[in-house]
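Quick notes on the structure that follows.
The values are calculated or read from the model by the stated rules, or taken from the named source; none is laboratory data. Only a predicted model underlies this, so the values are computations on that prediction, with no experimental measurement involved. Glycine gets a Cβ as well: all are built from the backbone with ideal geometry, and neighbour counts include every protein chain shown. With ligands, DNA and RNA removed, areas are computed over all heavy atoms of the protein, side chains included. Shrake-Rupley method; radii C 1.70, N 1.55, O 1.52, S 1.80 Å.
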There are 4 protein chains.
Amino acid sequence: MIRVKIFNEFIHEKKEETVKSIYPDGIHNTIADFLRSDDVIVTTVTLDNIQEGLSQEELDNTDVLLWWGHVAHNLVPDEIAERVKNSVLKGMGFIPLHSGHHSKPFKLLMGTTCNVNWREDGDFCRLWVCDPSHPICSGIDRYIEIEHEETYTEPFGIPEPDQLLFISWYEEGETFRSGCCYKRGYGKIFYFQPGHESYPTYYNKDVQTVIKNAVKWAAPDYRVKELICPWVPKIEKK
Amino acid sequence: MIRVKIFNEFIHEKKEETVKSIYPDGIHNTIADFLRSDDVIVTTVTLDNIQEGLSQEELDNTDVLLWWGHVAHNLVPDEIAERVKNSVLKGMGFIPLHSGHHSKPFKLLMGTTCNVNWREDGDFCRLWVCDPSHPICSGIDRYIEIEHEETYTEPFGIPEPDQLLFISWYEEGETFRSGCCYKRGYGKIFYFQPGHESYPTYYNKDVQTVIKNAVKWAAPDYRVKELICPWVPKIEKK
Amino acid sequence: MIRVKIFNEFIHEKKEETVKSIYPDGIHNTIADFLRSDDVIVTTVTLDNIQEGLSQEELDNTDVLLWWGHVAHNLVPDEIAERVKNSVLKGMGFIPLHSGHHSKPFKLLMGTTCNVNWREDGDFCRLWVCDPSHPICSGIDRYIEIEHEETYTEPFGIPEPDQLLFISWYEEGETFRSGCCYKRGYGKIFYFQPGHESYPTYYNKDVQTVIKNAVKWAAPDYRVKELICPWVPKIEKK
Amino acid sequence: MIRVKIFNEFIHEKKEETVKSIYPDGIHNTIADFLRSDDVIVTTVTLDNIQEGLSQEELDNTDVLLWWGHVAHNLVPDEIAERVKNSVLKGMGFIPLHSGHHSKPFKLLMGTTCNVNWREDGDFCRLWVCDPSHPICSGIDRYIEIEHEETYTEPFGIPEPDQLLFISWYEEGETFRSGCCYKRGYGKIFYFQPGHESYPTYYNKDVQTVIKNAVKWAAPDYRVKELICPWVPKIEKK
């Protein structure tokens, strides 16, 4: 059983009619709906209940945390961002989505700006699979097509990924490293670019498949309770 | 002083009028012309004189080897491919160009198929810079534009690059990892995708800049004469 | 069910009394004995039946191939080494053991010399775990101790591992990257240093645990039948 | 001309007689003495003048920053740590030494704990060169010997290094990844383990050579003034 938690700042869906019409219950609930299964338990958290939802106890009982944020990264308290970072280092899986490239926990874990170049014109977007044998790409053909997406382009201010799984092509001429795997501490991280709030990206079956796969991939086999830097005695000779 | 050697199979330019009209003296001489400088000595070698041109002595006196091959990879003798591989492992720089992804030395050094998906329709192509701070990208703006190129697309059957510098965008919808850095043994390798024989790619100033930069980057500071797996004595205690 | 095949050149055990006394049925059978389980089927192959045992059909029906060779690397036919390499690129797992660092298939897959510095004095050896959260390290404490091993030391002529899992300490003063993970094509590779024929290393419970873990880790979810470099048509616009 | 700045917390040397006797003018001045040359200008900064010494203007005029800290990491203000991090991302080289593995800027840049296991018994230590062809290893033989060092051991809580250059062997049985290269943003980072305050490590000629080499390696060719995440217009079609 994988215990998934989805954080969504949940602002656009309340304030903007277009977004509300696409995700009436919030992006988190749309993602929760396709993730829930016999093997996956899902809980959600938004800015409204972030203190309880991302308490240490909650994180200790989360296998994989998904993160959607955009206009309100700064409203995530620093101590929660740090707590999420440390939970990943202790083994929790972490999947920042779309504008989550600029979320506090992702930036803390990468150590870099995670900046992109961007424009929003609803470009058609095609994500190419670089490694069809990777479990995150299972069930995906040569590429994923998304009718409309926000355009992100290089340079993407990240450390070289451990493995690059997807590269995006945008109809007006850009490319972007849109699916990136990392190990940090004992946790696995997968950044996945699709999911702008103004488009129904999370209803795309292939996007759903990738996120489902990523949850399985990121779920930990091993976790520690504390992050320590211990003094150790000399090893005794036999 | 950097001693560059350019290998070109030199077949298309002799047999096909279009190619001949673009590269009347062969691709190798066009590349040689823009590489030669006060700091760079260039020699060339083609299939016609490959035995002499890529002798061990010649390779020992080469700092960086560029490689253009396409239809005649199989005419490169295995022992020469092996010799080139070993020269790279001893420290020589190596820059396979375009269809050189399928050259014997590159495949030997990568250990993989180096396969691509491909089509040839003269697509407009844009190569995006992933790391503007890398010396190979010096002098290049956000991207390089090439009027017409052969289209290569993912999956590209290579080991994850040590650093990915360029990603290509093709007007009909593909992307490709088109500038890839590797260290193998003591040698540096840079694969660079542009350069189909039917288009005047090597006259493109940005393409020339990248190749000039790559030559400087790949030139060795350190080389060994032999590749050995030596027995060593116990280190004496003081 | 994981279908494991163990190749052992099987020469030392027939010619040298010491080795015979440790591994009377050959190293392959000792490894087979601890690997066999409800989930793992094991077959073995030696130089004596290498043509049949490593036929294409056999490899197509192997999930993970273990490889032990030392004095007779050159007796492995080139076409078999190439076949093994290609099977890995198509998805088969591959675990070269100890002096298998110099086996033909491993060298082909790495593209480098895989040279080491070495001496054989029966040093006490301790392998430190770099990432306790990796599935290959599951069940191992901070380190593995081996009473006597052959000493390998740096520089180890390999590409930078995708992930380094073990570093060896030898009592007379050396270190070595002794557990190295790679992805090549669609196959996973784990090089593991312990296992000199003169010492009973494969009876060490921790060594057995690592090899069992590595088999599970390297078993493929995805395989292809052919390695192709296909022409592809333009993607049709909608 | 490379402009080096050395930060040293400068506490042990003032409070502990042993340390004072080894580094009477502080570790920073000992390092400065061997780094200064016709090509290298050195300035130093300690906790006493950290606000002025690590001001934005000073960092903008620093090519490579070395960092020695141990007991007073917490006295480095967060905004200065952040400023150093951002300067590295903009291109400045960064060389954390020894217990600087736990310095705020290094931890920020790595995104991980950077924890180690450790003990202090003055062990003899030998650092093995993994890649003699790397410019940081230039002039070093197979290994570096240090009479007495603090012992750090695995697991070291860092992201997999871009390249691992040194592995340490300690006489009582440990190993450690003691020379690690990273690129983060546009800056190069080299972590180097030797340098405990109680031992005269920075008088060791080989240690000096490595640090001198690292300074040259980390000095930037390229820097940006700002870290931006810009909106970009559609690229105009020709």
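Tabulated data
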{"quantity": "Hey, D:Thr62 more than 26 Å from D:Val116 (Cα to Cα), modelled with pLDDT of 95 or more and touching a His at 6+ places or on another chain (Cβ under 6 Å) or not", "calculated": "no"}
{"quantity": "Some residue of the stretch B:4-18 being touching a Leu at 6+ places or on another chain (Cβ under 9 Å), free of Cβ contacts under 8 Å to residues at least 40 places away in the same chain and not hydroxyl-bearing (Ser, Thr, Tyr)", "calculated": "yes"}
{"quantity": "Some residue of the stretch B:126-147 being touching a residue at least 24 places away in the same chain (Cβ under 8 Å) and under 30 Å from C:Ala81 (Cα atoms)", "calculated": "no"}
{"quantity": "Positions within the stretch A:73-88 being open to solvent by 20 Å² or more (accessible area, probe 1.4 Å), under 24 Å from A:Tyr186 (Cα atoms) and in contact with a helix residue (DSSP H, G or I) (Cβ under 9 Å, 6 or more places away or on another chain), in sequence order", "calculated": "A:Pro77, A:Asp78, A:Glu82, A:Arg83, A:Lys85, A:Asn86"}
{"quantity": "Subset of the stretch B:2-45 (residues that are open to solvent by 40 Å² or more (accessible area, probe 1.4 Å), within 14 Å of B:Pro200 (Cβ to Cβ) and of a type in the set (Gly, Ala, Ser))", "calculated": "B:Ser21"}
{"quantity": "Residue within the stretch B:98-106 that is basic (Lys, Arg) and either touching a Cys at 6+ places or on another chain (Cβ under 7 Å) or facing another protein chain (nearest Cβ under 9 Å) (or both) present", "calculated": "no"}
{"quantity": "Selected residue (only one of B:Leu54, B:Leu75, B:Leu47 is under 26 Å from B:Arg223 (Cβ atoms) and either of a type outside the set (Val, Ile, Thr) or in contact (Cβ under 8 Å) with a residue 24 or more places away in the chain (or both))", "calculated": "B:Leu54"}
{"quantity": "Positions within the stretch D:203-238 being more than 14 Å from chain A (Cβ to nearest Cβ), hydrophobic (A, V, I, L, M, F, W, C) and either farther than 28 Å from D:Glu160 by Cα or open to solvent by less than 30 Å² (accessible area, probe 1.4 Å) (or both), in sequence order", "calculated": "D:Val207, D:Val210, D:Ile211, D:Ala214, D:Val215, D:Ala218, D:Ala219"}
{"quantity": "Residues being of a type in the set (Asp, Glu) and more than 18 Å from A:His102 (Cα to Cα) - total across the stretch A:182-210", "calculated": "1"}
{"quantity": "Flag for B:Phe106 being under 21 Å from C:Leu227 (Cβ atoms), of a type in the set (Phe, Trp, Tyr) and assigned to a helix (DSSP H, G or I)", "calculated": "yes"}
{"quantity": "Every residue from the stretch D:46-72 that is of a type outside the set (Asp, Glu) and buried (at least 19 other Cβ atoms within 10 Å of the Cβ)", "calculated": "D:Thr46, D:Gly53, D:Leu54, D:Leu59, D:Thr62, D:Val64, D:Leu65, D:Leu66, D:Trp67, D:Trp68, D:Gly69, D:His70"}
{"quantity": "Which numbered condition B:Ser133 misses (of (1) hydroxyl-bearing (Ser, Thr, Tyr); (2) touching a helix residue (DSSP H, G or I) at 6+ places or on another chain (Cβ under 9 Å); (3) within 14 Å of chain D (Cβ to nearest Cβ); (4) open to solvent by 10 Å² or more (accessible area, probe 1.4 Å))", "calculated": "(2)"}
{"quantity": "Scope the stretch C:156-169; condition in contact with a Lys or Arg (Cβ under 8 Å, 6 or more places away or on another chain) and of a type outside the set (Val, Ile, Thr); matching residues", "calculated": "C:Phe156, C:Pro159, C:Glu160, C:Pro161, C:Asp162, C:Gln163, C:Leu164, C:Phe166, C:Ser168, C:Trp169"}
{"quantity": "Residues being facing chain C (nearest Cβ under 7 Å) and not polar (S, T, N, Q) - total across the stretch B:109-123", "calculated": "7"}
{"quantity": "Residues satisfying the stated conditions in the stretch A:89-121, i.e. touching a strand residue (DSSP E or B) at 6+ places or on another chain (Cβ under 6 Å), more than 19 Å from A:Phe166 (Cβ to Cβ) and open to solvent by 10 Å² or more (accessible area, probe 1.4 Å)", "calculated": "A:Glu120"}
{"quantity": "Residue tally, condition outside any loop (DSSP other than H, G, I, E, B) and aliphatic (A, V, I, L, M), over the stretch B:203-238", "calculated": "6"}
